[in-house]
Structures are given as structure tokens and as C-alpha cells.
Amino acid sequence: MNEKGLRNIYVAQYPDFEARKITSFDKDDGQEITSLQFSKDSEWLVFVRGGEHGSNWEYNVGINPTQEPIIPKVEIWKVPFNGGGEQVLSIGDNPKLSPLDNTIAFIKNRQIWSIPLSGEKDSQLFEIKGSTTDFEWSPDGKKLLFSVNRNTHSLIGVYEVGSKAIQYIEPSFSRDGMPKWSPNSEQVAFIRRQGGKGEVHPILEPRHVPWEIWVADVNTSEGELRWKAPETLRGSVPTTHGGFNLNWANDSTLVFLSYQDGWPHMYALNSQSGLPRQLTKGDFMVEHVSLSQDGSYLVFSANTGPEEEDIDRRHICMVQISGGEMELLTKGKGIEAIPIVLSDNDHVAFLSSTAQRPLLPAISRKSSGEIRLIGQNLIPPDFPSIDLVTPKQIKFKTSDGFTVHGQLFEKEGGPEKKPAVLFVHGGPQRQMLLGWHYGDYYSNTYAVNQYLAEMGFVVLSVNFRLGIGYGYEFHKPARTYWQGAEEYIDVKAAGDYLAGLPQVDPKRIGIYGGSYGGYLTALALGKDSKLFAAGVDIHGVHELSSRLQMPEGYEKASDFDKAMTTAWYSSPLAYLETWKSPVLFIHGDDDRNVQFSHTVDLIRRFEEKKMPYEYLIIPDDSHHWMKHSNLVKVNKATVEFLKKQLNPR
């Protein structure tokens, strides 16, 4: 639970599931808690404190937004379930507890180390060339399965604890990853992708990204191809939450996710023979997939339900792996996401929110359907739930035929003409919802949108193409980002939608967004200052042609020069001559998702052209504003700038 920057662990236990805090971290220091897990006997919890695990790079490097004299380390901690004080075990990340004896394996300096839960000295289990990534204990606790990245290729390995021997599983010139043990510890399943660099193809041409599922015998190290994804664009590597979501349901059945029918759905596959069986079907997406304790069914979040608006929500669903119809475990106007099945295979825990209430854990029973919230008393008593609006689902058509969804926030009453703000999310693999979002970054922006509505703005949050939740063609369209930025058509159409509302003053429309939303905000201000009167660009991307490097060898893509030109004209930097609207730039200089240089370089060009701008730099904080007071500072600067420029009354 993050309570104004104080991150602590709470537990709740059957039958009453009352929230109880078991750690005592008392400073807003930006040190996040991740990798939370129980020991085998449930007497201890192990977790990681520190780092920035939402980053694109250096996620396991310490972060120091409070400017401590020494940068805090990323550390593995333990705390008793019954309370009694948390303790540091070691510097490291990604701990995994052995099912045999509570030995903790973890990553340190790209290698696998171990330490007893009792807290004795840590030690490196083995040294291997490359970077070890995915790893897990065998169900019998005698071996470790891992993948090792060697740049041009990746290998799957098994380390036997007793003999200290390493064996490679079906090694090849490919990139093998996401290895999974069978329940009996005798087989391994993994994903195989192409290694190295292939023939040079046109850069702007959409192409299938191939992948395969392999199964290997641990005793012989020999494997065989079990399934190859269809060689279509839809059959490409899935990139929604959990990626392939590969897992063993039992010793003979695998489950995985594929986009092959146009929506991200789950499939079951016999490990020895036969074709996959589709477990979920329909015009909705499956994400946050989790296996029941007995391996008989899956639970997951999905944007489906009996109401038309459910495509812009999340509900908890389940499906039997043996087959049968998918069941909705939750429904209604709330948001339910990220489910986990408890040990009795009946209780399901998940995160729950509404349009007025932020996320809380909840417990449901699939046998009865009853839902109980956990920790309601942790919501501050002065939280303004009754003042928050219920966003409305809106849809509009773009000039090139896409149907775009959004959420409209508006307080009743007010003047005849109101200013408006368009919010553009980041990612871009995201979907904003008709309630409090299940992700922390967008939980915050949802709060900002509510605050702007309370100030008197009409606020529209737009789900532009490249986002999830509306099928493959919406998620993976051609000619977007550096290949043409056609997703901006949706942003422009959303601005026009606001301008066409009778209660909106078309001369007072602003825009704001972070990350990819910062990129689209800058593009909007550069291309359409007549529509967008002001904007806040938060850690946006501004120059895209540098993504394309002149090849070192002889071969060169036939459309390389065209791609370079396209990337430049997809960049906000290409439109400085027509950028007339006021802007506030915000960036943290320890950003590990968007290079800080994007904003530094854009501001220099503004200064060279003597263009006015305002700015806020947050030293030592990252893309996700790890320190709560910095988050508040950014939010306040955003709304105050929009208020000053657009004058809500």
C-alpha cells in the first residue's frame, strides 16, 4: 500500500480478511516494494525494496529521489507474517523461494545467487557467460531452470543444486526464453524466437514476428517443436500483459496466449500431440492471467460483460482448462483486475475500484459470488468520493474509419461555455477506463482528470489507436509512431470532438500527457496550435529519426531514406515553426523510460528560436515519480498551468 509515499506491506487472512500492516517504513523516500511472496510455510514474506521496476532499462539499479548521501541499493528483505520487524537479507533482485527448504535464489550482477531465509551469508550459485534472466525452481526444489542472454542468441539451462552441474536444454542459434517446469519436474516448455540478424527488409513494411512453443525432456536435454504460431501479423509475438503467458496446467497440458484470431485469448495445448484448443473467444482482451492452485482453471481480467460500456472496464473471468464456457466472476460498473486464486481453489483475490473509489484489494468466492473489500478503512476520511464525477463513455469516428473510445469527465452546472482539456495516455499499450485505473501511473492521471473536472474543465481522456482493448488492428496499425504517426489522427479528432460540444469554448482547449502522451501532446501543439491553445508535455519523446541508424555493412533497406524522412516528420521537432501555443515541459532527470535528453534538446531549440516556454525539472526522480511529494508537485504544476492558460470560471 502506498499511503502518500509511505510504502508498506499489509496482510489479510481467512476467514475475516482484515487488513494488518506488518512493515514500518515511515518515509516518503521513493523506494518501491516488489516481488512480494510467501515462504513455503507462510510464516514469512520475502520482498524487494528499491529500484524502478517499471523502467525500460536499469530497473534494478537504486534510485535516490530524496538525495541521500549514498544512493539506496536494491535489496531483498524478509518480514514475519505475524509482524515483528523487517530485515535486509542481501543486495539483489527477483528472489524466488525454493519449495524444498526456503532457500532464496535471486539475481545479482546478472548472475544467480542464493541465501538461506534464515539470513546467513549469500553466495553465488554458479558463474555463466551472459545475463541470466528468467529463472525458477523445479517443483521438487532440486534444480533451477533459467535462460541466459548472449546478445545474438539465448539459451535455456538447468542447474542441479546437489551436483552443481549445468546442462543446456535443446541449445540452438535461436532466442529461447520464458522457460517453465512441468509439475513433475521432468519436462520443460519454453518459447523460441529467431536469433541474430536476418535479411534486410523494407523498414516501413509490417512483418510477422515468428515464435514457437517447444517442449523438452530434462533427462535427455532433447526437445521438439510443439506449436508454431501462424505466419500472419495477428500470429506475431503477443505484447500484452504477460506476453506469451506460457504455463503448465498439469503434466500433459500447456496454456498460452495468442492474438491469432484478432484478440488476445488463451489456448490449451497437449504437450505431446495435437492442435491447440481455444479457451476464450469473443471481441474482448484477456490479461492478468493466473492459474488456479490445482491447475484446473484460469482466472484473468477481461474487458467484457453484459453492458456495452464493459469494453472500457475490467472484470474478473474464469475458464476451465478442460473446456467449457467462460464465466464472469464479477460484473457491474466497477473495475476489477489482476486476480489470484487462493489455496482452497475457491477464493479469488483481485484489485477493485469504481469511478469514485481508488484501488483496494478484494476477495470473492467463485462458488458464491460474494465480494468483500479489504482495507476500506485505509482510505483517508477526507477523501472526496462524493465530489467525483462518473466519466461517460464516448465514441467517435476518425477521418480514416477508426472508431475511437474515450471517457468524458464533466461536473454539472457551470458557465455556458467551459474550457476543455484532452488527456493523452502513454504506453502506448494502454487503455484508460471508466473508473480508477489498475496501474499506479494512470491511477494518478485519473485523479488529475477528476481534479480538472472539479475545477470546471470538460475533460476527455482518449484511447487512441496503438492502445489495447479493441483488437489487433487497433493495437498494431501500420504507419504509426516513427512510421507515420497516424495515431495523431485520433488525437486531432478528439480535440475536434471537444470543440464541437455546445458547452465547450473551442478557443480554450488544452492538452496534456506523459511519456507517449507527452510525445502526442508535443505533436499536437506543433501541428495544431489553432486547436490546442496550451499544453503540458510530461517526459515526452521529441525526435524519432535517430532511431534509424545507417547500417554498418553493405546491405541497406530499400526504403531507408524514406523511413528516415517519415520518422523525422513523425517527430515534434519537425513542427517548431508552427508551434505557437504555450507549453510547460516537465521531466525527471533519472528517467529510465524516456531519455531526459529528449526534453533537454527540445528546450535548447526553443531557446535558439526564442520561443517561450515554462518548465519543471525533478532532479533524481524517474518516469513514475517515485517520491510522492514530487508526484504532487508535478500534478500541481500541470493543473495550475492549464488553469492559468485556459481560465476556467
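A quick yes/no check of all residues on (1) surrounded by fewer than 19 Cβ atoms within 10 Å (Cβ to Cβ); (2) in a loop (DSSP other than H, G, I, E, B); (3) in contact with a Leu (Cβ under 9 Å, 6 or more places away or on another chain):
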site: GLY282; (1), (2), (3): yes, yes, no
site: GLN293; (1), (2), (3): yes, yes, yes
site: LEU298; (1), (2), (3): no, no, yes
site: PHE350; (1), (2), (3): no, no, yes
site: ARG372; (1), (2), (3): yes, no, no
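Among the residues that make up the stretch 141-149, is at least one of them crowded, with 22+ Cβ neighbours inside 10 Å, of a type outside the set (Asp, Glu) and not in a strand (DSSP E or B)? Looking through the stretch 141-149, none of the residues is crowded, with 22+ Cβ neighbours inside 10 Å, of a type outside the set (Asp, Glu) and not in a strand (DSSP E or B). Restricting the search to strands (runs of 3 or more DSSP E) fully inside the stretch 160-203 and requiring at least 1 residues that are touching a Lys or Arg at 6+ places or on another chain (Cβ under 6 Å) and open to solvent by 40 Å² or more (accessible area, probe 1.4 Å) gives 175-181, 187-193. The stretch 533-649 holds no strands (runs of 3 or more DSSP E) entirely within its bounds that carry 2 or more residues that are at pLDDT below 95. Filtering LEU359, LEU329, LEU434 for residues that are touching a helix residue (DSSP H, G or I) at 6+ places or on another chain (Cβ under 8 Å), within 30 Å of SER42 (Cβ to Cβ) and not β-branched (Val, Ile, Thr) leaves a single hit, LEU359. Pairs are defined by a Cβ separation below 7 Å, a sequence spacing of at least 6 or placement on different chains, a first member in the stretch 438-462 that is in contact (Cβ under 8 Å) with a residue 24 or more places away in the chain and over 19 Å from GLN645 (Cα atoms), and a second member that is open to solvent by 10 Å² or more (accessible area, probe 1.4 Å) and aromatic (Phe, Trp, Tyr); the pairs so defined are SER443/TRP436.
Out of ILE104, ILE166, one residue alone is touching a strand residue (DSSP E or B) at 6+ places or on another chain (Cβ under 9 Å), closer than 25 Å to VAL61 by Cβ and aliphatic (A, V, I, L, M). It is ILE104. For the stretch 12-35, enumerate the residues that are assigned to a loop (DSSP other than H, G, I, E, B) and basic (Lys, Arg). Within the stretch 12-35, just LYS27 meets the criteria. Within the stretch 59-87, being farther than 15 Å from GLN37 by Cα and β-branched (Val, Ile, Thr) holds for VAL61, ILE63, THR66, ILE70, ILE71, VAL74. Scanning the stretch 594-624 for residues that are within 23 Å of the chain's Cα centre (by Cα) and surrounded by fewer than 20 Cβ atoms within 10 Å (Cβ to Cβ) gives GLN595, PHE596, ASP620. With respect to (1) assigned to a loop (DSSP other than H, G, I, E, B); (2) on the phi > 0 side of the Ramachandran plot; (3) buried (at least 17 other Cβ atoms within 10 Å of the Cβ), the lone exception for ILE63 is condition (2). Within the stretch 356-370, track down each residue that is open to solvent by 10 Å² or more (accessible area, probe 1.4 Å) and either within 21 Å of the chain's Cα centre (by Cα) or acidic (Asp, Glu) (or both). Within the stretch 356-370, PRO358, LEU359, PRO361, GLU370 qualify. Of the residues LYS580, LYS633, LYS627, the single one that is over 25 Å from the mean Cα position of the chain (by Cα) and either surrounded by fewer than 14 Cβ atoms within 10 Å (Cβ to Cβ) or of a type in the set (D, E, K, R) (or both) is LYS580. The residues in the stretch 314-348 that are open to solvent by 30 Å² or more (accessible area, probe 1.4 Å) and in a strand (DSSP E or B) can be counted, and the count is 5.
Let's see how each residue does on (1) at pLDDT below 95; (2) in contact with a Ser or Thr (Cβ under 7 Å, 6 or more places away or on another chain):
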| position | (1), (2) |
| --- | --- |
| TRP77 | no, no |
| PHE81 | no, yes |
| GLY85 | yes, no |
| ILE115 | no, yes |
| SER131 | no, no |
| ASP140 | yes, yes |
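Of all the residues in the stretch 155-195, those that are more than 27 Å from the chain's Cα centre (by Cα) and not β-branched (Val, Ile, Thr) number 19.
Taken over the stretch 71-82, the criterion of being under 27 Å from TYR59 (Cβ atoms) and either open to solvent by 70 Å² or more (accessible area, probe 1.4 Å) or free of Cβ contacts under 8 Å to residues at least 60 places away in the same chain (or both) is satisfied by ILE71, PRO72, LYS73, VAL74, GLU75, ILE76, TRP77, LYS78. Among the residues of the stretch 218-228, is any touching a residue at least 60 places away in the same chain (Cβ under 8 Å), among the hydrophobic types (A, V, I, L, M, F, W, C) and open to solvent by less than 20 Å² (accessible area, probe 1.4 Å)? The answer is yes; a qualifying residue exists.
Only residues that are open to solvent by less than 40 Å² (accessible area, probe 1.4 Å) and either under 21 Å from ARG365 (Cβ atoms) or not in a loop (DSSP other than H, G, I, E, B) (or both): list them for the stretch 1-11, please. Scanning the stretch 1-11 gives ARG7, VAL11. Note on the stretch 83-122: among residues that are among the polar types (S, T, N, Q) and farther than 23 Å from ASP41 by Cβ, the one that is least open to solvent (accessible area, probe 1.4 Å) is GLN111.
Okay, residues lined up against (1) within 21 Å of THR480 (Cβ to Cβ); (2) of a type in the set (A, V, I, L, M); (3) open to solvent by less than 20 Å² (accessible area, probe 1.4 Å); (4) in a strand (DSSP E or B):
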| site | (1), (2), (3), (4) |
| --- | --- |
| PHE383 | no, no, no, no |
| ILE394 | no, yes, yes, yes |
| ASP400 | yes, no, no, no |
| LEU422 | yes, yes, yes, yes |
| GLN429 | yes, no, no, no |
| GLY435 | no, no, yes, no |
| ALA447 | no, yes, no, no |
| GLU454 | no, no, no, no |
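Looking across the stretch 87-137 at every residue that is assigned to a loop (DSSP other than H, G, I, E, B) and of a type in the set (A, V, I, L, M, F, W, C), the one that is farthest from ILE169 (Cα to Cα) is identified as LEU117. Within the stretch 90-104, residues that are more than 24 Å from HIS53 (Cα to Cα) have Cβ atoms under 8 Å from residues that are among the hydrophobic types (A, V, I, L, M, F, W, C) and in a strand (DSSP E or B) in these pairs: PRO99/TRP137; LEU100/TRP137; ASN102/TRP44, counting only partners at least 6 apart in sequence or on another chain. Tallying residues that are buried (at least 18 other Cβ atoms within 10 Å of the Cβ) and more than 23 Å from ILE115 (Cβ to Cβ) within the stretch 27-51 yields 3.
The values are calculated or read from the model by the stated rules, or taken from the named source; none is laboratory data. From a predicted model like this one, the values you see are computed outputs, not experimental measurements. Positions of Cβ are generated from backbone atoms using ideal geometry, with glycine treated the same way; all protein chains shown enter the neighbour counts. Accessible surface areas use protein heavy atoms only, side chains included; no ligands, DNA or RNA. Shrake-Rupley method; radii C 1.70, N 1.55, O 1.52, S 1.80 Å.
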